[in-house]
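**Student:** Below you will find the structure I want to go over with you.
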Amino acid sequence: MKKYLLKRILMAVVTIWAVITITFILMHSVPGNPFRTESKMPKVVYENLQKKYGLDKPLSEQYFIYLGKIVRGDFGDSMKSRVETVNQMITRGFPVSGVIGIEALLIALCFGPALGAVAALNQNRWPDYLSMIIAILGISVPSFIMGTVFIQFLARNIGWLPIGGWGEFRHSVLPSFALAFLPMAQIARLMRSSMLEVLNQDYIKTAKSKGITKATVVLKHAVRNAILPVVSILGTVASNLLVGSFVIEKIFGIPGLGMFFIMSIGNRDYPLIMGTTIFYAIILVSLLLMVDIAYMLIDPRIKLVKEGR
Amino acid sequence: MENVLEVKDLKISFKTFFGEVEAVRGISFKVGKEETIAIVGESGCGKSVTASGIMQLLPMPPAFFKGGEIIFNGENLLNKKEKEMQAIRGNKISMVFQDPMTSLNPTMKIGKQIVEGLVKHHKMSAEDAHKKAIEMLELVAVPQPGKRINQYPHEFSGGMRQRVMIALAMVCNPQLLIADEPTTALDVTVQAQILELMKKLQEQLEMSIILITHDLGIVADMSDRVIVMYAGQIVETGLTEEIFASPKHPYTRKLLASVPRLDMNKDEPLYSIDGTPPDLYIPPKGCSFYDRCTEAMKICKDHVPDLNEHNDTHLSRCWLNHPMAQKVYSMDGGEK
Amino acid sequence: MKAEYNLSPDLFNVASREDRNAEKIHRPSIKYWPDVWRRLKMNHLAMTGLILIIFFSIMAFVGTEINGFKYFEQNYDLINVHPNGVHWFGTDELGRDLFTRVWYGTRYSLFIGIMAALIDFLIGVLYGGIAGITTRRVDSVMMRIAEVIYSIPYLLVVILISVVFTQAGQGSSLFILIFAMTLTSWVPMAILVRGQVLQLKESEYALASESIGGTKNWILRKHIIPNTLGPILVNVTLSIPRAIFAEATLSFIGLGIQAPKSSLGALANDGLAGLPVGNAYQILIPAIFISLVMFAFNVLGDGFRDALDPRLRK
């Protein structure tokens with residue numbers, strides 16, 4: 001198992017490196033020069049700026065300088081903001097996004113499996129249909145639409161729920177729910193099919209033959225086994241949460257990392273774009289790795305360390 | 001001898017998309033104290049459905065009890081509510097299943113799985129349950145029980161897993177054990193061990209066993225009485241010696257003939273019964289074995305055979321045993 | 001139980017052989033694809049999806065011609081008009097008729113979705129097919145590369161590429177969009193195809209067919225392809241809403257199609273500005289359309305999957 005773990009970590013590092021490199025190449029292959037898009041500026045200023053951002057050096061050198069900086073955790077200076085570095089912006093925005101992300105994840109993890117299990121236990125009856133309709137809506141209605149609907153129909157009518165902004169707990173309620181719908185739906189659907197498969201297994205019959213209550217059979221035997229595949233898609237879930245967050249932040253006007261990201265795209269602030277992209281990639285890859293490890297820990301059939309017999 | 005279990009004219013059917021399938025079409029039998037009854041028949045004859053039906057472990061849609069009674073300790077199980085059945089399952093009647101590789105929960109330690117029923121039925125403390133689990137593992141001859149009690153199913157071999165299953169089924173001292181093809185999925189040598197184990201436990205715990213199998217060798221070894229099922233009905237029943245010595249139904253005769261023997265000529269083709277069992281969507285009007293019976297008479301097609309009582313214990317359903325039947329020459333020489 | 005009727009001795013004569021039929025088969029055998037179609041038809045939800053898709057596809061072309069307005073026609077006298085008898089879906093901030101624009105946008109969204117799915121399919125089948133048929137070594141190298149490509153966060157790459165190849169403030173060209181979206185999403189299809197090819201390469205079909213004289217080509221046509229078609233169909237159907245979703249998200253952050261052309265996502269983005277000022281219809285209508293289209297493809301894909309699953313046979 002250790003070998004597998006090492007391989008996964010290696011893959012993670014390679015992926016991050018690939019993202020850095022691709023980002024770098026892309027950013028520097030933008031036709032024209034980032035500064036050209038600005039209004040005409042004096043030649044001296046232009047040359048100074050070039051020097052400052054190291055744009056006068058050969059490309060390969062710039063690459064290694066940049067790589068070096070990243071490894072040390074320095075994402076450089078923003079091209080548009082005169083006051084902050086990229087690092088500072090990330091530090092400012094990430095906690096905000098993090099809070100919403102975690103809330104959304106918790107919502108998805110609470111309601112998703114429950115919805116799926118209820119559906120499986122009542123197959124082809126109304127609880128099943130209802131749960132599955134909710135799930136299909138969850139995967140068909142993009143999160144920004146969900147957010148818009150929430151704003152239009154909930155925030156406008158319920159005073160306590162603000163239409164946007166940030167500051168108190170209540171500001172995070174609607175955004176988290178809007179963000180949570182897709183992952184919750186994915187988990188619910190997977191849980192349902194997983195439960196259905198588990199309920200057909202022989203060991204469920206064995207459990208019943210012992211005369212234990214139906215609740216115990218469901219919880220201790222069925223759910224315990226059915227939840228395993230759900231753990232394995234948490235990686236995809238995390239990825240979706242990440243991407244969904246940009247959009248949600250835009251709609252609700254939340255000053256998170258996503259907002260910076262979108263802003264940087266709009267402004268063509270290349271260092272910021274690169275910085276946030278790489279940061280996102282690192283987060284994502286780390287989450288995926290953690291999910292893999294978690295799965296290995298949970299399933300008793302896979303052991304990280306071989307025990308003596 | 002009082003009867004632990006008495007099944008009277010049991011009928012079980014399944015509602016399906018295409019219609020009703022009559023899986024069990026009116027069977028009756030008794031199981032006495034400390035007796036071992038074998039139910040034999042080919043796949044699809046209804047023996048497993050009967051077994052699961054006694055425990056009421058069938059999925060209730062689409063299955064349903066069409067008629068009959070299951071009397072256990074004087075009470076009709078079919079009248080019992082689910083909660084009452086739960087008190088009986090694992091406690092008074094237990095079951096051992098066919099495939100040990102899939103019959104245990106892969107994510108639960110086996111010690112816990114063994115005493116789960118015990119804790120519920122006898123309200124034992126965790127400590128006592130733990131001790132009992134080790135006891136049970138010793139009983140079924142699993143080495144190093146104290147250590148293995150904390151292991152997971154995938155750490156056991158097939159034969160060991162079946163022992164765990166047996167331990168699980170025995171832990172509450174049931175009066176009746178239903179074993180549904182307990183050795184079919186195991187190696188032959190392991191088979192013998194498991195059967196030995198069951199015999200030993202039966203003596204120790206004064207238990208009755210219903211043994212479901214298609215292997216006549218096991219039947220000869222383990223059972224006191226035999227029930228032969230075909231297409232949802234009992235076609236013959238009797239003491240094991242009677243059935244083997246003088247089978248009265250063509251199907252039984254053919255079953256016995258198809259068991260390969262050590263003293264057979266190597267070049268002789270293996271005997272097998274032509275054809276397949278009837279489709280139970282459209283149950284046959286007369287004798288269900290008619291289409292495959294080489295000794296069939298005209299009456300067999302449209303008339304269900306009467307019950308023939310050869311003596312107190314030996315019964316069969318075949319027109320050939322009717323006084324009016326001529327002695328028809330049968331291909332395999334009948335008597336063994 | 002003794003019968004009460006009289007039994008004539010004749011009845012006890014041996015029955016003739018012809019009268020017995022040991023191999024009687026009572027039910028007609030079922031052919032594969034017609035059965036799949038039958039099971040799909042039974043799935044009402046999937047059928048709803050299919051009908052919606054057909055409806056939207058037709059309307060995507062017909063809908064823009066219905067009420068006479070052009071999608072780019074601006075009318076400054078009639079900006080932000082709520083839905084009424086003339087402008088059935090109202091107008092946007094430049095006075096353009098939303099009914100026409102929405103159907104126009106549907107056209108683009110559908111086109112992008114289907115194109116992306118098709119390209120994923122082509123690349124995936126090619127790559128996966130080659131990987132499956134070729135030697136072990138080449139196969140594992142190919143799979144390694146695919147793994148790395150796939151682990152690069154999809155939408156991030158899409159966004160980056162779009163950013164690079166477009167000017168600020170404008171949208172991306174169609175080509176760039178589709179290119180960006182299919183860059184990493186073909187991998188699951190490739191893995192699927194490779195798996196099927198490998199499976200069938202070794203499987204009984206090939207063995208049995210070869211043993212009765214079938215050539216490798218015939219085996220491919222008659223056995224491998226029909227068996228692979230099922231899961232591929234499901235995958236393609238389900239990747240369409242994924243692509244539409246990606247495009248909508250891109251549009252929503254300003255990287256979508258160039259104006260005045262539009263897609264549903266871009267329309268939603270435009271409509272966002274209308275939300276705080278009481279013109280919610282501007283975003284809600286395209287939003288509903290996106291949801292319906294995605295819903296339709298999702299349930300159809302689900303339907304295919306269930307209809308093809310042998311375990312669910314009724």
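The values are calculated or read from the model by the stated rules, or taken from the named source; none is laboratory data. From a predicted model like this one, the values you see are computed outputs, not experimental measurements. So basically every Cβ, Gly included, is an ideal-geometry build from the backbone, and we count neighbours across all protein chains shown.
**Student:** Just for helices (runs of 4 or more DSSP H) wholly inside the stretch A:128-226: which have at least 2 residues that are at pLDDT 90 or above and either within 14 Å of chain B (Cβ to nearest Cβ) or touching an Asp or Glu at 6+ places or on another chain (Cβ under 8 Å) (or both)?
**Tutor:** Numbers: elements: A:143-149, A:170-199, A:202-209.
Because the criterion is at least 2 residues that are at pLDDT 90 or above and either within 14 Å of chain B (Cβ to nearest Cβ) or touching an Asp or Glu at 6+ places or on another chain (Cβ under 8 Å) (or both), the helices (runs of 4 or more DSSP H) in the stretch A:128-226 that meet it are A:170-199, A:202-209.
**Student:** Right, something else. Just checking: which of the helices (runs of 4 or more DSSP H) contained wholly in the stretch B:118-221 hold 2 or more residues that are of a type outside the set (Ser, Thr, Tyr) and over 25 Å from B:Ser48 (Cβ atoms)?
**Tutor:** Numbers: elements: B:126-139, B:145-148, B:158-170, B:188-205.
Of the helices (runs of 4 or more DSSP H) lying wholly inside the stretch B:118-221, those with at least 2 residues that are of a type outside the set (Ser, Thr, Tyr) and over 25 Å from B:Ser48 (Cβ atoms) span B:126-139, B:145-148, B:188-205.
**Student:** Just name the residue that is nearest to B:Val21 (Cα to Cα) out of those in the stretch B:269-323 that are part of a loop (DSSP other than H, G, I, E, B), more than 7 Å from chain C (Cβ to nearest Cβ) and among the aliphatic types (A, V, I, L, M).
**Tutor:** Here the residue is B:Leu280.
**Student:** Considering every residue within the stretch C:257-273, establish whether at least one is under 19 Å from A:Leu182 (Cα atoms) and either surrounded by 22 or more Cβ atoms within 10 Å (Cβ to Cβ) or in contact (Cβ under 8 Å) with a residue 24 or more places away in the chain (or both). Don't jump to the end; show me each part of the working.
**Tutor:** Here is the first cut: in the stretch C:257-273, the residues under 19 Å from A:Leu182 (Cα atoms) are C:265, C:268.
The next check asks that each one be either surrounded by 22 or more Cβ atoms within 10 Å (Cβ to Cβ) or in contact (Cβ under 8 Å) with a residue 24 or more places away in the chain (or both); those that pass are C:265, C:268.
Within the stretch C:257-273 (the criterion being under 19 Å from A:Leu182 (Cα atoms) and either surrounded by 22 or more Cβ atoms within 10 Å (Cβ to Cβ) or in contact (Cβ under 8 Å) with a residue 24 or more places away in the chain (or both)), the answer is yes, since at least one residue qualifies.
**Student:** When the residues of the stretch C:103-122 are filtered to those that are β-branched (Val, Ile, Thr) and surrounded by 24 or more Cβ atoms within 10 Å (Cβ to Cβ), which remaining residue is nearest to C:Ile178 (Cα to Cα)?
**Tutor:** Looking only at the stretch C:103-122, we keep the residues that are β-branched (Val, Ile, Thr), and these are C:106, C:112, C:114, C:119.
Restricting the remaining residues to those that are surrounded by 24 or more Cβ atoms within 10 Å (Cβ to Cβ) gives C:106, C:112.
Details: C:Thr106: 16, C:Ile112: 7 Å.
Step by step, filter the stretch C:103-122, then rank; the result is C:Ile112.
**Student:** Yes or no: the stretch C:278-285 includes at least one residue that is within 7 Å of chain A (Cβ to nearest Cβ), buried (at least 21 other Cβ atoms within 10 Å of the Cβ) and closer than 11 Å to A:Pro142 by Cβ.
**Tutor:** No: the stretch C:278-285 contains no residue that is within 7 Å of chain A (Cβ to nearest Cβ), buried (at least 21 other Cβ atoms within 10 Å of the Cβ) and closer than 11 Å to A:Pro142 by Cβ.
**Student:** Any idea which residue in the stretch B:57-98 is farthest from the chain's Cα centre (by Cα), counting only those that are part of a helix (DSSP H, G or I), more than 28 Å from B:Gln162 (Cβ to Cβ) and within 12 Å of chain A (Cβ to nearest Cβ)?
**Tutor:** Of everything passing the filter in the stretch B:57-98, B:Lys83 is farthest from the chain's Cα centre (by Cα).
**Student:** In the list C:Phe179, C:Phe245, C:Phe175, which residue meets the criterion of being in a helix (DSSP H, G or I), at pLDDT below 85 and within 14 Å of chain A (Cβ to nearest Cβ)?
**Tutor:** On the way: C:Phe245 fails: at pLDDT below 85; C:Phe175 fails: within 14 Å of chain A (Cβ to nearest Cβ).
After ruling out the rest, the residue left standing is C:Phe179.
**Student:** List the number of the failed condition for B:Glu241; all other conditions in (1) assigned to a helix (DSSP H, G or I); (2) of a type outside the set (Phe, Trp, Tyr); (3) modelled with pLDDT under 90 hold.
**Tutor:** Answer for B:Glu241: the failing condition is (3).
**Student:** A follow-up question, please. From the list B:Val119, B:Val115, B:Val96, which residue is surrounded by 22 or more Cβ atoms within 10 Å (Cβ to Cβ) and free of Cβ contacts under 8 Å to residues at least 60 places away in the same chain? Break it down stepwise before answering.
**Tutor:** Numbers: B:Val119 fails: surrounded by 22 or more Cβ atoms within 10 Å (Cβ to Cβ); B:Val96 fails: free of Cβ contacts under 8 Å to residues at least 60 places away in the same chain.
From the options B:Val119, B:Val115, B:Val96, the qualifying one is B:Val115.
**Student:** Tally the residues that are surrounded by 20 or more Cβ atoms within 10 Å (Cβ to Cβ), among the polar types (S, T, N, Q) and either over 20 Å from B:Phe289 (Cα atoms) or without any contact (Cβ under 8 Å) to a residue 60 or more places away in the chain (or both), restricting the search to the stretch B:12-51.
**Tutor:** 2
Condition check ((1) facing chain C (nearest Cβ under 10 Å); (2) surrounded by 20 or more Cβ atoms within 10 Å (Cβ to Cβ); (3) in a loop (DSSP other than H, G, I, E, B); (4) of a type outside the set (Lys, Arg)) across all residues:
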{"residue": "A:Leu228", "(1), (2), (3), (4)": "no, no, no, yes"}
{"residue": "A:Phe246", "(1), (2), (3), (4)": "yes, yes, no, yes"}
{"residue": "A:Gly275", "(1), (2), (3), (4)": "no, yes, no, yes"}
{"residue": "A:Val291", "(1), (2), (3), (4)": "no, no, no, yes"}
{"residue": "A:Tyr295", "(1), (2), (3), (4)": "no, no, no, yes"}
{"residue": "A:Arg301", "(1), (2), (3), (4)": "no, no, yes, no"}
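**Student:** Now for a different question. Would you check which residues across the stretch B:234-253 are touching a Ser or Thr at 6+ places or on another chain (Cβ under 8 Å) and within 14 Å of another protein chain (Cβ to nearest Cβ) and list them?
**Tutor:** Of everything in the stretch B:234-253, those that are touching a Ser or Thr at 6+ places or on another chain (Cβ under 8 Å) and within 14 Å of another protein chain (Cβ to nearest Cβ) turn out to be B:Ile234, B:Pro250.
**Student:** If you check C:Ile30, C:Ile58, C:Ile25, which single one turns out to be at pLDDT 75 or above and either over 33 Å from the mean Cα position of the chain (by Cα) or closer than 30 Å to A:Met132 by Cβ (or both)? Break it down stepwise before answering.
**Tutor:** Values: C:Ile30 fails: at pLDDT 75 or above; C:Ile25 fails: at pLDDT 75 or above.
Just a single option satisfies the conditions, and that option is C:Ile58.
**Student:** Here's another thing I want to ask about it. Need the failing condition index for A:Thr148 against (1) among the hydroxyl-bearing types (Ser, Thr, Tyr); (2) over 24 Å from A:Leu287 (Cα atoms); (3) free of Cβ contacts under 8 Å to residues at least 60 places away in the same chain, just the number.
**Tutor:** Status for A:Thr148: all satisfied but (3).
**Student:** Within the bounds of the stretch A:194-203, is there any residue that is at positive phi and free of Cβ contacts under 8 Å to residues at least 24 places away in the same chain? Give the steps one after another, and end with the answer.
**Tutor:** Just the residues of the stretch A:194-203 that are at positive phi, to begin with: none.
Checked against the condition, which is being at positive phi and free of Cβ contacts under 8 Å to residues at least 24 places away in the same chain, the stretch A:194-203 yields no hits at all.
**Student:** Residues being within 18 Å of A:Asp292 (Cβ to Cβ), crowded, with 18+ Cβ neighbours inside 10 Å and at the interface with another protein chain (Cβ under 7 Å from one of its Cβ atoms): count how many of those fall in the stretch A:12-31.
**Tutor:** So the answer is 1.
**Student:** Given the conditions (1) in a helix (DSSP H, G or I); (2) within 13 Å of another protein chain (Cβ to nearest Cβ); (3) modelled with pLDDT of 90 or more, which single one is not true for B:Thr50?
**Tutor:** In the conditions (1) in a helix (DSSP H, G or I); (2) within 13 Å of another protein chain (Cβ to nearest Cβ); (3) modelled with pLDDT of 90 or more, B:Thr50 misses (2) alone.
**Student:** OK, next. Go through (1) over 20 Å from C:Leu255 (Cβ atoms); (2) touching a helix residue (DSSP H, G or I) at 6+ places or on another chain (Cβ under 6 Å); (3) away from chain A (no Cβ under 14 Å) and name the single condition C:Ala116 misses.
**Tutor:** Condition (1) is where C:Ala116 drops out.
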